[in-house]
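One structure below.
The values are calculated or read from the model by the stated rules, or taken from the named source; none is laboratory data. If you're wondering where the values come from, they're calculated on a predicted model, not measured in any experiment. Neighbour counts run over all protein chains shown; Cβ positions are idealised from the backbone, glycine included.
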Amino acid sequence: MTQATAEPQGSAAMPEAEHRIEPTSQSKLDEALAILEDHKQEWAALDIDQRIELLEHLRDGVVEVAQPWMQAAMEAKGMAPGSAEEGDEWLAGPASLIKNVSLLIASLRDIDEYGVPQLPKDPYTRPDGQVVAPVFPADGWDGLLFMGITSEVWMQPGVTLDDLTENQAAFYREKSPKGALALVLGAGNVASIGPMDALYKLFVEGQVVILKMNPVNEYLGPFLDEAFAPLRERGFFRVVYGGAAEGDYLCTHRLVEEIHITGSDKTHDVIVYGVGEEGARRKASNEPRNTKRLSSELGNVSPIIIVPGPWSQKDLDFQGVNLASSLCNNSGFNCVATRVIVQHEEWDQREGLLASLQKAFANAGDRKPYYPGAEARQKMFVEHHPDADEFGAKGPGRVPWTLIHHLDPNQADDICFTTESWCGQTSETALSASSVVDYIDKAVEFCNDSIWGTLSAGIFVHPKSMKDPAVAEAVERAIANLRYGTVALNHWPGISYALVTPTWGAFPGHTTDDIRSGRGVVHNTYMFDRPQKSVMRGPFRMWPKPVWFIDNKAAAAIGRKLTYFNADPSLARLPGILLSSLFG
């Protein structure tokens, strides 16, 4: 295997996309900010009943634009009608946004009645005293639709059971909250990220929002503007357009008080320190040019730890599709896409799992590499590892699914460990260990110390393995010790994003001059002020086939039906979803 010098740590560089909508002029940006400035205190003082009413109208608005929104996204991303890709787009687009709105309505009603959002189950403490709050399923519908998936939010040390409610919904505990104006720099990959980030600023932190669309998916702006019309008409929300120049103008504008970005660590550093030699000098001496509060979600080289066990061929094939789906989703343009699969070198099924993964990639359909620079980034990884496996169409405008396996875990500067590829590329490595328990502990240390980022990590473990008390204890220890904002058991951590009740963001503790996966959280509809991580758990194998699997033939129908179900849950809508699931 040829190993070249690795790229600098972080996200690979991405060129700016061509504009579909004319950038908003500076005069129009000034006008939008002036309107928001004039209404920020009104928004801060608005009573809960009016907030709930606005959210109800907003939910209706998303329902109205959902179909044309989806049509525009499918055309932009080159999706075939009825494909698994269409299902992904429904689920990560209008379905997630509507669920977010509905959960915020429920939380605001709880705040109005009880003072804080009410948890679905009682919180508890772990043996070390860390407080854990169950957050999913949030209701009976979740339990029916998400097939055994649960989620908890673990609090930062220092939070106790007695004061947990005092660490919820900080904005709503203020007697005279002060208005603020936040800039949200929208992500270009997942349709719901920008509007959901805006919802967090608006309804959890109490700030008016100017949302700048990313050039990659700015075609969604008019639909979001229409859906958010109840807030826009009151002067609480604005959508604007543009690239780096408009983003820089907004970031440094005197009226913008806070910034939230979903993007890359490099974009974060440009905002904070500037560009070129001057920016590098400022970062080296930690002299930011922009000192506004900045929250961020900035990507990850996302690992999955495979715990060896008595896996059958059906298990291997199921998890091969599971792993492939975690990369192929959204053409690989997810900050939570699986980038490193960690195995036990002595496991006799290591090659079997790789074979099942290769089979899943070979059967996966081609997807359009719609994000600028994807071909160059994939080529860069293959140049470092010319023996990489490539599956699917090649040539101009194509990026084959790329698997780089049998990496040396001791090669700390390997590009696969240090750099987020942001395309359809993943990798595999293995650690030598004297036992399964020893391997699990080593895998956690490897992920924490050798792989870039802290956004999400996963662990796959067979239920028979968990019957061994020592293995079960090691898995629980791994969940606790992994320094990631989301840890998922048996399934892709990206599913946690769509649950919405868990937090979404990096593990806390990053500094401005070493930001990695970012700082702060979003989603978090129970409004915890001091969360540490979210932990999602699911069955090792699921039936019916999960809707997010790349070979689910009913994904589009399920995604569409689930979107409208989230807007108006009812027993009448449930059979259609369940019936479609049986044909996946």
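Laid out as a table, the results:
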{"read-out": "Test: S83 is modelled with pLDDT of 95 or more, surrounded by fewer than 24 Cβ atoms within 10 Å (Cβ to Cβ) and under 30 Å from L161 (Cβ atoms)", "value": "no"}
{"read-out": "Pair list, Cβ under 6 Å, 6 or more apart: region 1-28 residue over 18 Å from S427 (Cα atoms), other residue of a type in the set (D, E) and modelled with pLDDT of 50 or more", "value": "R20/E218; I21/E218; P23/E246"}
{"read-out": "Those residues of region 273-306 which are buried (at least 24 other Cβ atoms within 10 Å of the Cβ) and at pLDDT 95 or above, in sequence order", "value": "S296, E297, L298, N300, V301, S302, P303, I304, I305, I306"}
{"read-out": "Entirely in region 328-447, the strands (runs of 3 or more DSSP E) that have 2 or more residues that are small (G, A, S), touching a residue at least 12 places away in the same chain (Cβ under 8 Å) and touching a strand residue (DSSP E or B) at 6+ places or on another chain (Cβ under 8 Å)", "value": "425-431"}
{"read-out": "Some residue of region 68-83 being among the hydroxyl-bearing types (S, T, Y), in contact with a strand residue (DSSP E or B) (Cβ under 7 Å, 6 or more places away or on another chain) and either farther than 30 Å from S176 by Cα or outside the structural domain of T501 (by TED's automatic domain parsing) (or both)", "value": "no"}
{"read-out": "Pair list, Cβ < 9 Å and 6+ apart or interchain, from region 143-159 residues that are within 18 Å of D122 (Cα to Cα) and touching a residue at least 60 places away in the same chain (Cβ under 8 Å) to residues that are assigned to a loop (DSSP other than H, G, I, E, B) and of a type in the set (S, T, N, Q)", "value": "S151/T501; V153/T501; V153/N524; W154/Q130; M155/Q130; Q156/Q130; V159/Q130"}
{"read-out": "Condition met for R282 (in the same structural domain as A180 (by TED's automatic domain parsing), over 24 Å from D88 (Cβ atoms) and not hydroxyl-bearing (S, T, Y))", "value": "yes"}
{"read-out": "Hey, M155 at pLDDT below 95 and either closer than 22 Å to I495 by Cβ or out of contact with any Asp or Glu (no Cβ under 6 Å at 6 or more places or on another chain) (or both) or not", "value": "no"}
{"read-out": "Residue in region 214-233 that is of a type in the set (V, I, T), over 30 Å from D438 (Cβ atoms) and in contact (Cβ under 8 Å) with a residue 40 or more places away in the chain present", "value": "yes"}
{"read-out": "Selected residue (criterion: farthest from D414 (Cα to Cα)) from residues of region 5-15 that are touching a helix residue (DSSP H, G or I) at 6+ places or on another chain (Cβ under 6 Å) and either in a loop (DSSP other than H, G, I, E, B) or modelled with pLDDT of 95 or more (or both)", "value": "A12"}
{"read-out": "Among (1) surrounded by fewer than 24 Cβ atoms within 10 Å (Cβ to Cβ); (2) touching an Asp or Glu at 6+ places or on another chain (Cβ under 6 Å); (3) not in a loop (DSSP other than H, G, I, E, B), the one test that V184 misses", "value": "(1)"}
{"read-out": "In region 330-368, the residues that are surrounded by 24 or more Cβ atoms within 10 Å (Cβ to Cβ) and either assigned by TED's automatic domain parsing to the domain that holds G518 or of a type in the set (A, V, I, L, M, F, W, C) (or both)", "value": "C335, V336, A337, V340, I341, V342, L357, A360, F361"}
{"read-out": "Of all residues in region 151-204 being among the aromatic types (F, W, Y) and out of contact with any His (no Cβ under 9 Å at 6 or more places or on another chain), the one that is nearest to I111 (Cα to Cα)", "value": "Y172"}
{"read-out": "The lone exception for A76 - which of (1) part of a helix (DSSP H, G or I); (2) hydrophobic (A, V, I, L, M, F, W, C); (3) within 22 Å of H523 (Cβ to Cβ); (4) within 22 Å of the chain's Cα centre (by Cα) it fails", "value": "(3)"}
{"read-out": "Residues that are touching a Lys or Arg at 6+ places or on another chain (Cβ under 7 Å) and farther than 20 Å from W347 by Cβ, drawn from region 299-336", "value": "V301, S302, C328, S331"}
{"read-out": "Some residue of region 104-114 being under 30 Å from A324 (Cα atoms), buried (at least 20 other Cβ atoms within 10 Å of the Cβ) and among the small types (G, A, S)", "value": "no"}
{"read-out": "Residue within region 376-395 that is farther than 22 Å from W548 by Cα, among the polar types (S, T, N, Q) and crowded, with 22+ Cβ neighbours inside 10 Å present", "value": "yes"}
{"read-out": "Candidate set: region 149-179, residues that are of a type in the set (G, A, S) and loosely packed, with under 13 Cβ neighbours inside 10 Å; chosen: the one farthest from L119 (Cα to Cα)", "value": "S176"}
{"read-out": "Flag for L104 being under 28 Å from G509 (Cβ atoms), touching a Phe, Trp or Tyr at 6+ places or on another chain (Cβ under 7 Å) and either in a helix (DSSP H, G or I) or charged (D, E, K, R) (or both)", "value": "yes"}
{"read-out": "Any hit, region 307-316, residues being in contact with a Phe, Trp or Tyr (Cβ under 7 Å, 6 or more places away or on another chain), at pLDDT 95 or above, under 29 Å from A555 (Cβ atoms) and of a type outside the set (F, W, Y)", "value": "yes"}
{"read-out": "Qualifying position, being among the small types (G, A, S), assigned to a loop (DSSP other than H, G, I, E, B) and within 24 Å of the chain's Cα centre (by Cα), among G206, G194, G235", "value": "G206"}
{"read-out": "Condition met for S192 (more than 25 Å from Y114 (Cα to Cα) and hydroxyl-bearing (S, T, Y))", "value": "yes"}
{"read-out": "Residue in region 129-146 that is farther than 23 Å from I495 by Cα, in the same structural domain as N481 (by TED's automatic domain parsing), exposed (fewer than 13 other Cβ atoms within 10 Å of the Cβ) and modelled with pLDDT of 95 or more present", "value": "yes"}
{"read-out": "Exclusive hit being assigned to a helix (DSSP H, G or I), over 22 Å from G505 (Cα atoms) and at pLDDT 95 or above, set L250, L199, L255", "value": "L250"}
{"read-out": "Any hit, region 246-262, residues being under 18 Å from G494 (Cα atoms), out of contact with any Pro (no Cβ under 7 Å at 6 or more places or on another chain), in contact (Cβ under 8 Å) with a residue 24 or more places away in the chain and surrounded by 18 or more Cβ atoms within 10 Å (Cβ to Cβ)", "value": "yes"}
{"read-out": "Options L29, L58: the member that is under 16 Å from L183 (Cα atoms) and out of contact with any Ser or Thr (no Cβ under 9 Å at 6 or more places or on another chain)", "value": "L29"}
